[in-house]
Amino acid sequence: MQTIANYIDGNLIEPQGGAYLDNVEPATGKVYSQTPDSDEGDVQLAVDAATRAFQGWSQASASERSDAMLSLASLVEANLEKLARAETIDNGKPLWLARMVDIPRAVSNLRFFATAILHTSSEVHFTDGQAINYTMRQPAGVAGCISPWNLPLYLFTWKIAPALAAGCTVVAKPSEVTPMTAFMLSELCIEAGFPPGVLNIVHGLGAKAGQAIVSHPDVPVISFTGGSATGASIARTAGPMFKKVSLELGGKNPNLIFADANLQAAIKISVQSSFANQGQICLCGSRIFAQRAVFDQVVDGLVAAAKSLKVGDPLEEETKQGAIVSKDHLDKVLKCIDLAKEEGGTIHCGGDRPPPPPEGLNVRCKDGFFLNPAVITGLGPGCRTNQEEIFGPVVTVTPFDDEDEAITMANSTVYGLSSTVWTSDLDRAHRVAGKIQAGTVWINCWLLRDLRVPFGGMKQSGVGREGGEYALNFFTEPKNICVKINHT
Ligand code: NDP
């Protein structure tokens, strides 16, 4: 059985306490590797290494940092197939998805920020002919980067890439539920000759290793992606320590389908936005609101498409829905389905486990954590099913009569991460987009991403924005230098 190691000061090392956690393959339900159960001592070693490396890395030229990151990106790309397979085994997502999205995006994250720093500019402000102000941006120090399990290497690199590019050194913790590709990245760092101590990866539990990073006095900047409750706990620790914090949190994203939309496209993409990655993407549209005139058509289309999605072994090419990430998470999603029934919802399809072999799942996957994708109607926007994040292959569909009602329903949760609007009326598209409380509004599309745009949530979906200059700015401290002009 493979044993994962921490990556500290350029070396792969065992956790100091010698304790390990079981790492389970979701498709089989079997333990297949051991992950370090790191503690404060391991985090201390990592922070020490990152602090020592900070001087050299923060003062390296942008092109030196860029070259090191580009070498790493090339190695990730060269190992795409190996990493994609590892991601699938670790997370349960279909192999084609890891191959097409997760790993290529990790390469793009590294390349995007490695090259962005070669093209930045500085701000200058002239003060009424009396002074010139210029703004320096200096790396903020040792950055703590904590990422979740749903898009493991994709989101891990989305955090560490801007931090490293900006000149910070990093102590990072991937989710202990999906540690494998971050571990493989540390092996690639060694192969790439990445400078020791610049990136340190400590594996383990959020409440122990994660908390030790967040509360460490020598880690002044924390970038976190995960659930809103964890985000609140991190803010409670980091706030009184005056740390810079970026929080990318949960969502309950509305997907508005107006009667004038291209319904074929709306339904096709809504199937993806509801169920991609087993619905375990923070940007999934889990609440569909369809205008009454097309409501039945939307429900019928979604149900037919959801039923046709093949649920099964994520390593098989024809699989569209892999396994849910863990037994705990599957149980949570099943409870949400029960709640939807209690609240009076009609389950049109899914919400149950696929049959065992020989009818359904193959023998390898008989104990895996699978769930058929569910489409639910008959629930009002205020019920718990439509208010609380489920983060699984479950979507509700609710009718609305007019634009105002659609906007009210869309904005009726504590979340504000993203939203989709389907309409062929350009004026309506802009009008509705302006009124929706969300950090991102997609019009007639979903998950079309440009790495330069601001990415993040309003309300309980987060604090701050990632992406492009927003991320580079987050990992740096602006310093204004004011030079007086003497007029003799
Ligand atoms: P969690 O909040 O449970 O965990 C996220 C990470 O934080 C994990 O590495 C976790 O470790 C760690 N962690 C947990 N507790 C602490 C703590 N007290 N201090 C420091 N670190 C801690 O989220 P999940 O992993 O369950 O991910 C799913 C959530 O992430 C969903 O709510 C989803 O919406 C959100 N998400 C948001 C995105 C966005 O961009 N807005 C993108 C993707 C996901 P451990 O695994 O050991 O618990």
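The values are calculated or read from the model by the stated rules, or taken from the named source; none is laboratory data. Worth saying up front: this structure is predicted, and the values here are computed from it rather than measured. We place every Cβ from the backbone using ideal geometry, glycine too, and count neighbours over all the protein chains shown. We work out accessible area using only protein heavy atoms, side chains counted, and drop any ligands, DNA or RNA first. Shrake-Rupley method; radii C 1.70, N 1.55, O 1.52, S 1.80 Å.
Per-structure values
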| item | result |
| --- | --- |
| Helix axis angle, 62-78 relative to the chain longest principal axis, alpha carbon, degrees | 40 |
| Tensor-based shape of the chain (alpha-carbon gyration tensor, a/c under 1.5 rounded, otherwise prolate or oblate) | oblate |
| Phi-based couplings in Hz for the range 406-419 (Karplus 6.51, -1.76, 1.60; Gly and Pro marked x) | 4, 5, 4, 5, 4, 8, 8, 10, 7, 9, x, 8, 9, 7 |
| Percent carbon-and-sulfur accessible area, the chain, ignoring ligands, DNA and RNA, probe 1.4 Å | 54 |
| Surface per residue (accessible, 1.4 Å probe) for the chain, Å² | 40 |
| Cross-link pairs beyond the 30 Å C-alpha cut-off, checked among Lys93/Lys159; Lys159/Lys366; Lys252/Lys320; Lys93/Lys335; Lys208/Lys320 | Lys159/Lys366; Lys208/Lys320 |
| For the range 365-376, Karplus couplings with θ = phi - 60° (6.51, -1.76, 1.60), whole Hz, Gly/Pro x | 9, 4, 9, x, 9, 9, 8, 6, x, 10, 10, 10 |
| Approximate spin-label separation Leu70-Glu388, in nm, with each point projected 7 Å along Cα-to-Cβ | 5.0 |
| Dipole magnitude of the chain, debye to nearest 20 (Cβ charges: Lys/Arg +1, Asp/Glu -1, about Cα centre) | 520 |
| Amide H contacts under 5 Å for Met458, placed H, 5+ residues apart | Gly416, Leu417, Gly439 |
| Pairwise FRET efficiency - Asp404 versus Lys268, Cβ, R0 = 35 Å, nearest 0.05 | 0.80 |
| Mean residue ellipticity (222 nm) of the chain, computed from DSSP H runs ≥ 4 via -39,500 (n - 2.57), nearest 500 | -11500 deg cm²/dmol |
| Residues with amide H under 5 Å from that of Ala143, placed H, sequence gap 5 or more | Thr169, Val170, Val171 |
| Amide H contacts of Thr398 (H built 1.01 Å from N, under 5 Å, at least 5 apart or other chain) | Ile288, Phe289, Ala290 |
| Given charges at Cβ of Lys, Arg, Asp, Glu: the chain dipole, positive-most of Phe112, Val453, Gln321 | Val453 |
| Rounded tilt (10° steps) of 80-91 against the dominant C-alpha axis of the chain | 60 |
| Global form of the range 1-80, assessed from the alpha-carbon gyration tensor, a/c cut-off 1.5 | oblate |
| Extended-chain gain in nm, criterion 0.36 nm per residue less alpha-carbon gap, Gln130 and Ala259 | 40.5 nm |
| Beta bridges per DSSP with both ends in the range 254-450, % antiparallel, nearest 5 | 10 |
| Residue-level accessible surface for Lys459, protein heavy atoms, 1.4 Å, Å² | 90 |
| Karplus 3J(HN,Hα) series, Hz, for the range 141-157 with 6.51 cos²θ - 1.76 cosθ + 1.60 (x for Gly, Pro) | x, 7, 9, x, 10, 10, 10, x, 9, 6, 10, x, 6, 4, 7, 4, 6 |
| Surface accessible to a 1.4 Å probe, Lys366 within the full protein complex, Å² | 110 |
| Assigned charges on the beta-carbon of Lys, Arg, Asp, Glu; the range 254-450 dipole about Cα centre (debye) | 340 |
| Two-site label geometry, Lys327 and Glu123: point separation in nm, points 7 Å out along Cα→Cβ | 5.3 |
| Cα→Cβ-extended label distance, 7 Å offset, between Ile347 and Lys30, nm | 2.9 |
| Aspartates and glutamates with Cα under 17 Å of Lys310, excluding same-chain neighbours fewer than 8 positions away | Glu318, Asp352, Glu359 |
